[in-house]
1. Of the residues ILE164, ILE187, ILE204, which single one is modelled with pLDDT under 95 and in contact with a Phe, Trp or Tyr (Cβ under 7 Å, 6 or more places away or on another chain)?
2. Looking only at segment 43-69, count how many residues are surrounded by 18 or more Cβ atoms within 10 Å (Cβ to Cβ) and modelled with pLDDT under 95.
3. Which of the residues that make up segment 144-164 are assigned to a strand (DSSP E or B) and not aromatic (Phe, Trp, Tyr)?
4. Hey, among the residues in segment 67-119 that are part of a strand (DSSP E or B) and of a type in the set (Lys, Arg), which one's farthest from ILE56 (Cα to Cα)?
5. Would you mind stating whether ILE109 is crowded, with 17+ Cβ neighbours inside 10 Å and within 26 Å of ILE204 (Cα to Cα)?
6. Being surrounded by fewer than 17 Cβ atoms within 10 Å (Cβ to Cβ) and in contact with a helix residue (DSSP H, G or I) (Cβ under 9 Å, 6 or more places away or on another chain) narrows it down to one of LYS134, LYS103, LYS153, so name that one.
Amino acid sequence: MSKNKTALLMISFVILFCLFLYFVPVKELFSKIPLISKFYNNTTLEIVTQKGKAKIWINGEDYGETPAKIEDLPEGNYVVEIEKIVSEDSFYEKHSFQIELTKNTSARIDLEIGPEDLLQGSILYYTPSKVSSKDGLLTITSNIQNAKVYLDKEFLKEAPVSNISLKDNQYEMKISATGYESVEIPIYIRSGYQLNLKTYHFPIPVSLEAVETENE
């Protein structure tokens, strides 16, 4: 009789434990427990703005201003907003970005904020690779259609670039397009991860001399 009770208790415990795991966000729970949280909150997000400072919001929460290095964040999807700090009303807009943070990785936003919706710079973050390989993957998108992608000064292809397999190493990237400023950035490819690179480009101002030369 006692054996039947023990077996019934064990089965009940297993069922309750499975229900707990199903309904309770375990990662979120563990991320708030001291010591254990270090295994979950171990990503870093660095935000830099060139030629001026910007206010930062992450998932609607105020995170101060740039430059900022935010450490020990739990992995997950984040909405990052930045707005250039100016002394008076201007034509600068608030910009919003979707960033995915993965355990044991760092992400970086490095941008110059221009008037209206103009941006210049890059966003980098890692996601787990969906391909079983010793190599890492590279994905590139740009706000300019058909931007040319160069890897270590050699032409790779036009953006967008999806899941290019590369060996673990550091590379020099250049993304350029006619009539727009180029973005040059070092990247590091990691085995088992996909590096996601998004670039933004200012249009190159047209000078009066260039217009006059074209009209001659």
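1. On the way: ILE164 fails: in contact with a Phe, Trp or Tyr (Cβ under 7 Å, 6 or more places away or on another chain); ILE187 fails: modelled with pLDDT under 95.
When all the criteria are applied, what remains is ILE204.
2. Result for segment 43-69: 1.
3. Going through segment 144-164, the residues assigned to a strand (DSSP E or B) turn out to be 148-151, 154-158, 161-164.
Correct list: LYS148, VAL149, LEU151, GLU154, LEU156, LYS157, GLU158, VAL161, SER162, ASN163, ILE164.
4. Here is the first cut: in segment 67-119, the residues part of a strand (DSSP E or B) are 68-73, 76-84, 92, 94-101, 106-113, 116, 119.
After this cut, where a residue has to be of a type in the set (Lys, Arg) as well, the list is 69, 84, 94, 108.
Numbers: LYS69: 11, LYS84: 9, LYS94: 10, ARG108: 13 Å.
Filtering first and then ranking leaves ARG108.
5. Working: crowded, with 17+ Cβ neighbours inside 10 Å: yes; within 26 Å of ILE204 (Cα to Cα): yes.
Considered against the rule, which asks whether it is crowded, with 17+ Cβ neighbours inside 10 Å and within 26 Å of ILE204 (Cα to Cα), ILE109 comes out as yes.
6. Numbers: LYS134 fails: in contact with a helix residue (DSSP H, G or I) (Cβ under 9 Å, 6 or more places away or on another chain); LYS153 fails: in contact with a helix residue (DSSP H, G or I) (Cβ under 9 Å, 6 or more places away or on another chain).
Going through LYS134, LYS103, LYS153 in turn, the sole match is LYS103.
The values are calculated or read from the model by the stated rules, or taken from the named source; none is laboratory data. Keep in mind that this is a model prediction, so the values were computed, not measured. Every residue, glycine among them, receives a Cβ derived from its backbone with ideal geometry; neighbour counts consider all protein chains shown.
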